[in-house]
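A short worksheet on the structure shown next.
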Amino acid sequence: MLSDAGMARMPARVFAALLATDSGALTSAELSERLRISPAAVSGAVRYLNQVNLVSREREAGTRREVYRIYDDAWYESLFRREQALINWEGALREGAEALAGTPAGARLDRTLAFTEFLERELTGLLERWRLHRKEHFTQ
């Protein structure tokens, strides 16, 4: 399902494996064994998942091995970090729209800017509503 939604196949498999573990963490060797894939495939998948803020890399206590951990609220964390990216994009889009004002490209950048501003406003509210919902329903 993750692949159908646009995530590359190997990161989708690694994400699903981490999501389905009680600890939410596995080493490269454990992922390789469970998924029957090479360590290089694990590395590439984890690199992507880390870039989109769905997993983190940590050192296993007392060893040199890395453990890959899924955030307890992975989708929230990913979207929270995307919110900051949207804010950063808005500045660049605004500059581009101003530089190309009066042209079809400038109009396209204006629409893109309006969309990212809308998305950022809506995402802020959505994330806040989730924080409240999570606090009410998932307090441990």
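The values are calculated or read from the model by the stated rules, or taken from the named source; none is laboratory data. Predicted model, so just to flag it, every value in this text is computed and none were measured. A quick note on method: Cβ atoms are made from the backbone with ideal geometry, for glycine too, and the neighbour counts reach across all protein chains shown. Surface areas here come from the heavy atoms of the whole protein model, side chains and all, with no ligands, DNA or RNA. Shrake-Rupley method; radii C 1.70, N 1.55, O 1.52, S 1.80 Å.
Considering only residues that are of a type in the set (A, V, I, L, M, F, W, C) and assigned to a loop (DSSP other than H, G, I, E, B), look in the range 18-44 and name the one that is least open to solvent (accessible area, probe 1.4 Å). Here the residue is 37. Kindly evaluate residue 92 against the criterion of being surrounded by fewer than 16 Cβ atoms within 10 Å (Cβ to Cβ), within 29 Å of residue 128 (Cβ to Cβ) and of a type outside the set (Ser, Thr, Tyr). Here the answer is yes, as residue 92 does meet what is asked. Answer yes or no as to whether residue 80 is touching a helix residue (DSSP H, G or I) at 6+ places or on another chain (Cβ under 9 Å), modelled with pLDDT under 95, open to solvent by 70 Å² or more (accessible area, probe 1.4 Å) and assigned to a helix (DSSP H, G or I). Spelling it out, residue 80 is indeed touching a helix residue (DSSP H, G or I) at 6+ places or on another chain (Cβ under 9 Å), modelled with pLDDT under 95, open to solvent by 70 Å² or more (accessible area, probe 1.4 Å) and assigned to a helix (DSSP H, G or I).
Criterion applied to 98, 120 was being touching a residue at least 24 places away in the same chain (Cβ under 8 Å), of a type in the set (Asp, Glu) and either assigned to a helix (DSSP H, G or I) or over 19 Å from residue 82 (Cα atoms) (or both), and the one residue passing it is 120. Reported count of residues in the range 57-75, each being modelled with pLDDT of 75 or more, in a helix (DSSP H, G or I) and crowded, with 16+ Cβ neighbours inside 10 Å, is 0.
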